[in-house]
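Only the coordinates and a few stated rules stand behind these numbers; no lab work does. Computed from a prediction, not measured in an experiment: that's the story for all the values here. Cβ: placed from backbone, ideal geometry, glycine included. Neighbour counts: every protein chain shown.
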Amino acid sequence: MFYAAFVILFLILWAIFYAALPFLRHTSKIGANALARLSVRRAGLGKLQEQYSVYLPIAVMVIGGAIFTAWAGDGFLDLAEQVHSNSPKLQRFDTAIHTWAVSERRSGATSFFTLMSTVGGPPALIVMVVVVSIVLLLTHRYRWFVYLAVTAGGESLVNMELKRYFARARPDVAEMLQQAQGYSFPSGHAMGSTVVFGALSYLAFRTATDWRWKSAALALATTLILAVALSRVYLGVHWISDVGAGIVIGSVWLTTTTLAYETLRRIRTLRARRLNAQ
């Protein structure tokens, strides 16, 4: 049943992304055309637009990324503050979800979530990153290799520091279906999966030429991240707030590194075009 639910969720997300992504791109083109028409009507604005319009997509991307990062970061800080202060409300919520997950354990569900936890665990993620890194080096994609190495490696350091700072205890060992050591907040599986699967989906998105496969990469990454995060709660090794925090802070880190790489890439491309045009 859970394997079927995984496939169904993937297909739903695939359809959503497949419909939304071309629409968003079409909308951005309409905005650019509107700006171009406006520049024709106003000479001063037209001159300014002619000089700097090539940087407009970069500016929009940076502003959008900054807004998302600020919003997600604020959510993480709110949650972190509750964890740090041992909020009774958060503890009751975590305990309720934990108790419910333990009571709903079935053999089929245990098999599925154990597999998902393994897929999202450090050994599996390291293997994926290493294999993809080797492929990138062999195909001379050195910038992509640096992006993946910085994104994945930085996530590990950030997660270790956050765990050390908050030093939150895990749920009762007696109720765990899988051995887990170290501190609980934020979940390393949830954060690592968000960053690694997100970074790999970005590279797949850049590689694919058809919107079907671009959308499929994003949908698969999202489905895997959710499945891995839920597996940690089901197996009793994390509180629900741990995995929520892992996804949020992982998204912040992924957005930061991807935005930085994409901005530098676009600026480098624009400069190269200007040099060629001279």
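General observations
- A simple spin-label model places the labels of LEU11 and GLU81 4.4 nm from each other, with each point 7 Å out along Cα-to-Cβ.
- Sorted by Cβ neighbour density within 10 Å, fewest at the top, the residues ILE134, ILE240: ILE134, ILE240
- Scattering curve values for region 130-230, log₁₀ I(q)/I(0), Debye with Cα scatterers, q = 0.15, 0.22 Å⁻¹: -0.73, -1.15
- Counting every alpha-carbon pair across region 122-168, the share separated by more than 12 Å comes to 65%.
- Take the Cα of ALA208, go 7 Å toward its beta carbon, and the backbone nitrogen atoms of region 222-251 under 20 Å from that spot belong to 222-228.
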